[in-house]
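Engineer: Below is a structure I'd like to ask you about.
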Amino acid sequence: MIELIDVEKSYVVDGRAVPALKPTRLEIANGEVFGIVGHSGAGKSTLVRLINRLEAPSGGRVVIDGEDVTGYGDEDLRAFRRKVGMIFQHFNLLFSKTVADNIAFPMKLAGIYSRAEIRERVDELLQRVGLTDQARKYPAQLSGGQKQRVGIARALACRPSILLCDEATSALDPQTTQSVLRLLADINRELNLTIVLITHEMDVVRRVCDRVAVMDAGEVVESGPVTDVFLHPQHTTSREFVFESEQVDEDEMQEDFARARGRILRLTFQGESTYEPLLGSVARESGVDFSILSGRIDRIKETPYGQLTLSLVGGDLNAALAALDRADVHVEVLR
Amino acid sequence: MIESLLTGVDWPQIGMASWDTLIMVGVSLFFSVLLGLPAGVLLFLTGKGQLLEQPVAYAILSFVVNVLRSIPFIILLIVMIPVTVMLIGTSLGVAGAIPPLVAGGAPFFARLVETSMREVDRGIIEATRAMGASVRQVIFGALLPEALPGLIAGITVTAITLVSYAAMSGVVGGGGLGDLAIRYGYQRFQTDVMIITVSLLVVFVQLLQMLGDRLVLYFSHR
C-alpha cells in the first residue's frame, strides 16, 4: 500500500515559498489502478514524484507497504526506486541505445543481474509489449505508441511492484492511447502491479482506473471509486472533467432543458441493470410519457453503465420513481 | 614559369613542418579533451537546476574558463612562456607550443561540452534517476552517451581551432607550418612557400571537418 500522510511540497521562488501541493492524505491499495486527474499545474506531477522521491516532500511522510521511505538515504533510495517503475509523456528513452538496450538499462544500473538474466528478461519483455522484431532499432525509428511500449517494458525490467504513469498517453493519438491503456490494464491484472496514473483526460481514468483523485490548485478536491466520481461528480472541477470527456456543453444542455416539458430526471444505471428493458415497462405501468434529452451507454473499466436524461410528462410520477428505485436505478431530479 | 616559381621551395622542410603541425594539433587536442571534458561536465553538473547544483563552484570554474578564453591567443602564447619553460624546459619548438595550445583549447572545449550536455533532454536524466541510478551512473550511463554526437562535433571544432592556434605559435618560435609561413613566406618574401603552407592548412581543416561530420552522423541516432 502507498500511504501519503499529509505530504506537502513548496518551492522557493525569489525567497518566497510557493506551494505546489497542499498537505495531502492519500492511500492507494496494492494492485489497484489509481488515477489522479487535474489540469496542468494542479500539482499532480509533483504528487506522483513524491512517491519515488524524484521530489523530496517539504512535509509529511511517504509510507510504502508499511515502510517510511521519506528519510531514506542514497543507497536505500536507489534500491527502492528499482521497485517503482515510471513511464513518461515524452517516453524519455535514450536515443543512443537500441530498444533492447533501453529495456536492459535499469537492470544494468542495478548491477545485480547477470548478462544471461538480462538477455532473457529483455526477450520476455519485448514479447510482452509486442516489439520482438524491433529489438535492434533505435527509438527514433519507432512510432509514438511503440516508444511508449518500450517505456513500459523498461519500467517493468526490474520487476517493480508499483508503476507510475506521468501523462503516459497524452502525446499519443486516440487509437494508440487505447492500445497502450489496454496494455497497462493487462499488466495490472496479470502482474498485480499497483498503477498510479496521472492524466488530464477523464476518459483515460474511465477506461482503466479503479479509484480516482481529482486535483485542483495543489489539493485533492474529490476522490473515490471511479464509478462514483465519474457518474456523480460533486466538485466543480470534477464536473468539468466529466463533461469535457463526455463532450457535454452545459449551455446547450440548459437550452434543451428550457425547451422540454415536465419534470427532468437523470437516471444512472450500473452493471446488469444497464441491459434491462426498464424504461418501457415503467412508462407503461405508471402512465408517464418520456422523451430522452441526452444519453450515453458505456463502460467504466469493466462495469457497464448508462446515463439518461429524460423529461417526463403526465401519469403517476411517484409510481415511476418508486419503480426505478426498486430496479436499483440512481435517480436525480434535475427539475 | 611555374617551375621557376617553385624553385626556392624546400619540399622536405615542408613535409617536416606538416608533420610538426600534425603532432602539435594531435597532442594538444588530446590534452584539451582530457582536461576540457571533466571541466565541461563539472560546469554542466554544478550549473543552475542541475544534478550537483553548486553556485560557488560553478562561478569559480566559469570565471577561470572565461579568463582563459578572453585572452587573445597570441597574448596567451607570450603569457604562457614562463609556465611552459617550467613544465617542459623550453618554450621553443613543437613541444614548447603544446602547453599554450592546451591552455587555449581546453577551456574552449569545456564550454562546448557544457553546451552539448545541456542539449540532452532533462526527461532522460529524470528517467535515469527514477531507475535508481547514482549520479555517476547518470553521467556515464546517460549523459555522456546521449551527448556523444555533440561532443564529437565539439572535438572537431576544437581541433580546427587548434590548427589555427598552432600556426600562430610560429610567431613565438613554435614549429610547424605556421613557423614556416612566417620565416620564409613573410620574412624572406617567399610567396610560394606562403601559398603552399596556407593551402596545406586549408586541406587539413577540410579533412578534419569531414571526418568529424562523418563520426557525428555515425553516432547520432536521433
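The values are calculated or read from the model by the stated rules, or taken from the named source; none is laboratory data. Since the structure is predicted, the reported quantities are computational estimates derived from the model, not experimental observations. Please note: Cβ atoms are built from the backbone with ideal geometry, for glycine as well, and neighbour counts cover all protein chains shown. Note: areas computed on protein heavy atoms with side chains; ligands, DNA, RNA excluded. Shrake-Rupley method; radii C 1.70, N 1.55, O 1.52, S 1.80 Å.
Engineer: Starting from residues that are aliphatic (A, V, I, L, M) and assigned to a loop (DSSP other than H, G, I, E, B), keep the ones in region A:2-47 and report whichever is nearest to residue A:216 (Cα to Cα). Explain how you work it out, then say what you get.
Structural biologist: Taking region A:2-47 as the starting set, the residues that turn out to be aliphatic (A, V, I, L, M) are A:2, A:4-5, A:7, A:12-13, A:17-18, A:20-21, A:26, A:28-29, A:33, A:36-37, A:42, A:47.
Still in the list and also assigned to a loop (DSSP other than H, G, I, E, B): A:29, A:42.
Numbers: A:29: 23, A:42: 5 Å.
The residue in question is A:42.
Engineer: Any residue in region A:53-72 that is assigned to a helix (DSSP H, G or I) and either surrounded by fewer than 17 Cβ atoms within 10 Å (Cβ to Cβ) or within 14 Å of another protein chain (Cβ to nearest Cβ) (or both)? Reasoning before the result, please.
Structural biologist: In the first step, residues of region A:53-72 are kept if they are assigned to a helix (DSSP H, G or I); the result is none.
Within region A:53-72, not a single residue is assigned to a helix (DSSP H, G or I) and either surrounded by fewer than 17 Cβ atoms within 10 Å (Cβ to Cβ) or within 14 Å of another protein chain (Cβ to nearest Cβ) (or both).
Engineer: Just to be sure I understand the filter: pairs with C-beta atoms under 9 Å, separated by 6 or more residues or on different chains, first member in region B:136-149 and more than 8 Å from every other protein chain (Cβ to nearest Cβ), second member open to solvent by less than 10 Å² (accessible area, probe 1.4 Å) and among the polar types (S, T, N, Q). Which pairs pass?
Structural biologist: Pairs that qualify, where the first residue is more than 8 Å from every other protein chain (Cβ to nearest Cβ) and the partner is open to solvent by less than 10 Å² (accessible area, probe 1.4 Å) and among the polar types (S, T, N, Q), are B:138/B:128; B:143/B:128.
Engineer: Hey, among B:188, B:136, B:183, which residue is open to solvent by 60 Å² or more (accessible area, probe 1.4 Å) and part of a loop (DSSP other than H, G, I, E, B)? First the steps, then the outcome.
Structural biologist: On the way: B:136 fails: part of a loop (DSSP other than H, G, I, E, B); B:183 fails: part of a loop (DSSP other than H, G, I, E, B).
That would be B:188, the only listed residue that is open to solvent by 60 Å² or more (accessible area, probe 1.4 Å) and part of a loop (DSSP other than H, G, I, E, B).
Engineer: On to the next question. Could you grab the pairs with beta carbons closer than 7 Å, sequence gap of 6+ or different chains, first residue in region B:9-26 and in contact (Cβ under 8 Å) with a residue 12 or more places away in the chain, second one open to solvent by 40 Å² or more (accessible area, probe 1.4 Å)?
Structural biologist: B:18/B:200
Engineer: Working carefully through the options B:150, B:141, find the one that is of a type outside the set (Ser, Thr, Tyr), open to solvent by 20 Å² or more (accessible area, probe 1.4 Å), touching a helix residue (DSSP H, G or I) at 6+ places or on another chain (Cβ under 8 Å) and in a helix (DSSP H, G or I). Before the answer, list the steps.
Structural biologist: Values: B:141 fails: open to solvent by 20 Å² or more (accessible area, probe 1.4 Å).
Only one candidate passes the filter, namely B:150.
Engineer: Give the residues of region B:98-124 that are within 14 Å of another protein chain (Cβ to nearest Cβ), in contact with a helix residue (DSSP H, G or I) (Cβ under 9 Å, 6 or more places away or on another chain) and open to solvent by 20 Å² or more (accessible area, probe 1.4 Å), sorted by residue number. Quick ask: steps written out before the conclusion?
Structural biologist: Going through region B:98-124, the residues within 14 Å of another protein chain (Cβ to nearest Cβ) turn out to be B:116-117, B:119-124.
Checking which are in contact with a helix residue (DSSP H, G or I) (Cβ under 9 Å, 6 or more places away or on another chain) leaves us with B:116-117, B:119-121, B:124.
Within region B:98-124, B:119, B:121 qualify.
Engineer: Which is of a type in the set (D, E, K, R) and under 17 Å from the mean Cα position of the chain (by Cα), of B:20, B:10? If you could, list the steps in order and put the result at the bottom.
Structural biologist: On the way: B:10 fails: under 17 Å from the mean Cα position of the chain (by Cα).
Exactly one of B:20, B:10 is of a type in the set (D, E, K, R) and under 17 Å from the mean Cα position of the chain (by Cα), namely B:20.
Engineer: What is the residue count in region A:253-281 for residues that are modelled with pLDDT of 85 or more, open to solvent by 30 Å² or more (accessible area, probe 1.4 Å) and within 29 Å of the chain's Cα centre (by Cα)?
Structural biologist: Of the residues in region A:253-281, 2 are modelled with pLDDT of 85 or more, open to solvent by 30 Å² or more (accessible area, probe 1.4 Å) and within 29 Å of the chain's Cα centre (by Cα).
Engineer: Would you please name the residue that is nearest to residue A:155 (Cα to Cα), looking only at residues in region A:105-136 that are in a helix (DSSP H, G or I) and within 11 Å of chain B (Cβ to nearest Cβ)? Show your work before the answer.
Structural biologist: Here is the first cut: in region A:105-136, the ones in a helix (DSSP H, G or I) are A:105-110, A:115-128, A:132-134.
Those left that are additionally within 11 Å of chain B (Cβ to nearest Cβ): A:105-110.
Values: A:105: 10, A:106: 8, A:107: 10, A:108: 13, A:109: 13, A:110: 13 Å.
Per the criteria, the residue is A:106.
Engineer: Ok, one more. Which residue, of A:168, A:153, is open to solvent by less than 40 Å² (accessible area, probe 1.4 Å), of a type in the set (Gly, Ala, Ser) and touching a residue at least 60 places away in the same chain (Cβ under 8 Å)? Steps first, answer last, please.
Structural biologist: Numbers: A:153 fails: touching a residue at least 60 places away in the same chain (Cβ under 8 Å).
That would be A:168, the only listed residue that is open to solvent by less than 40 Å² (accessible area, probe 1.4 Å), of a type in the set (Gly, Ala, Ser) and touching a residue at least 60 places away in the same chain (Cβ under 8 Å).
Engineer: Against the condition facing chain B (nearest Cβ under 7 Å), more than 21 Å from residue B:143 (Cβ to Cβ) and either in contact (Cβ under 8 Å) with a residue 12 or more places away in the chain or under 27 Å from the mean Cα position of the chain (by Cα) (or both), how does residue A:79 come out, does it pass?
Structural biologist: Details: facing chain B (nearest Cβ under 7 Å): yes; more than 21 Å from residue B:143 (Cβ to Cβ): yes; either in contact (Cβ under 8 Å) with a residue 12 or more places away in the chain or under 27 Å from the mean Cα position of the chain (by Cα) (or both): yes.
For residue A:79, the condition - facing chain B (nearest Cβ under 7 Å), more than 21 Å from residue B:143 (Cβ to Cβ) and either in contact (Cβ under 8 Å) with a residue 12 or more places away in the chain or under 27 Å from the mean Cα position of the chain (by Cα) (or both) - is met.
Engineer: Of the residues B:171, B:163, which is of a type outside the set (Ser, Thr, Tyr), open to solvent by 10 Å² or more (accessible area, probe 1.4 Å) and within 30 Å of residue B:195 (Cβ to Cβ)?
Structural biologist: One residue alone meets the criteria, B:171.
Engineer: For region A:295-310, enumerate the residues that are open to solvent by 20 Å² or more (accessible area, probe 1.4 Å) and either part of a loop (DSSP other than H, G, I, E, B) or out of contact with any helix residue (DSSP H, G or I) (no Cβ under 7 Å at 6 or more places or on another chain) (or both).
Structural biologist: Let us first name the residues in region A:295-310 that are open to solvent by 20 Å² or more (accessible area, probe 1.4 Å), namely A:295-299, A:301-303, A:307-308.
Answer for region A:295-310, where residues must be open to solvent by 20 Å² or more (accessible area, probe 1.4 Å) and either part of a loop (DSSP other than H, G, I, E, B) or out of contact with any helix residue (DSSP H, G or I) (no Cβ under 7 Å at 6 or more places or on another chain) (or both): A:295, A:298, A:299, A:301, A:302, A:308.
Engineer: Six or more apart or on different chains, Cβ atoms under 9 Å: show the pairs whose first residue is in region A:238-254 and farther than 18 Å from residue A:203 by Cα and whose second is loosely packed, with under 10 Cβ neighbours inside 10 Å and at pLDDT below 80.
Structural biologist: Listed pairs, sorted by first residue: none to list.
Engineer: Filter region A:238-256 for residues that are more than 20 Å from residue A:332 (Cα to Cα) and either touching a Gly at 6+ places or on another chain (Cβ under 9 Å) or basic (Lys, Arg) (or both) and give the result.
Structural biologist: The answer is none; no residue qualifies.
Engineer: Out of the residues in region A:82-96 meeting the condition of being assigned to a loop (DSSP other than H, G, I, E, B) and within 7 Å of another protein chain (Cβ to nearest Cβ), tell me which one is nearest to the chain's Cα centre (by Cα).
Structural biologist: Just the residues of region A:82-96 that are assigned to a loop (DSSP other than H, G, I, E, B), to begin with: A:82-83, A:89-96.
When the remaining residues are screened for being within 7 Å of another protein chain (Cβ to nearest Cβ), the result is A:82, A:90, A:92, A:94-96.
On the way: A:82: 23, A:90: 18, A:92: 21, A:94: 26, A:95: 29, A:96: 32 Å.
My answer is A:90.
Engineer: Let me ask something additional. Take the residues in region A:135-150 that are under 16 Å from residue A:179 (Cα atoms) and among the basic types (Lys, Arg); name whichever of them is surrounded by the fewest Cβ atoms within 10 Å (Cβ to Cβ).
Structural biologist: Out of the qualifying residues, it is A:147.
Engineer: Okay, moving on. Considering only residues that are over 20 Å from residue A:127 (Cβ atoms), touching a Leu at 6+ places or on another chain (Cβ under 6 Å) and within 13 Å of another protein chain (Cβ to nearest Cβ), which ones fall in region A:137-168?
Structural biologist: The answer is A:165, and nothing else.
Engineer: For region A:192-226, give me each residue that is free of Cβ contacts under 8 Å to residues at least 24 places away in the same chain and of a type in the set (A, V, I, L, M, F, W, C). Quick ask: steps written out before the conclusion?
Structural biologist: Pass one, region A:192-226, residues free of Cβ contacts under 8 Å to residues at least 24 places away in the same chain: A:221-222, A:224-225.
A:221 - this is the single residue of region A:192-226 that is free of Cβ contacts under 8 Å to residues at least 24 places away in the same chain and of a type in the set (A, V, I, L, M, F, W, C).
Engineer: For region A:14-29, enumerate the residues that are of a type in the set (Val, Ile, Thr) and either surrounded by fewer than 17 Cβ atoms within 10 Å (Cβ to Cβ) or not assigned by the TED database to the domain that holds residue A:196 (or both).
Structural biologist: Within region A:14-29, the first condition is being of a type in the set (Val, Ile, Thr), and the residues that meet it are A:18, A:24, A:28.
Across region A:14-29, the qualifying residue is only A:18.
Engineer: Which members of region A:311-326 meet the condition of being surrounded by 15 or more Cβ atoms within 10 Å (Cβ to Cβ) and on the phi < 0 side of the Ramachandran plot? Explain how you work it out, then say what you get.
Structural biologist: Quick first cut of region A:311-326, residues surrounded by 15 or more Cβ atoms within 10 Å (Cβ to Cβ) only: A:311-312, A:315, A:317, A:320-321, A:323-324.
Within region A:311-326, A:311, A:312, A:317, A:320, A:321, A:323, A:324 qualify.
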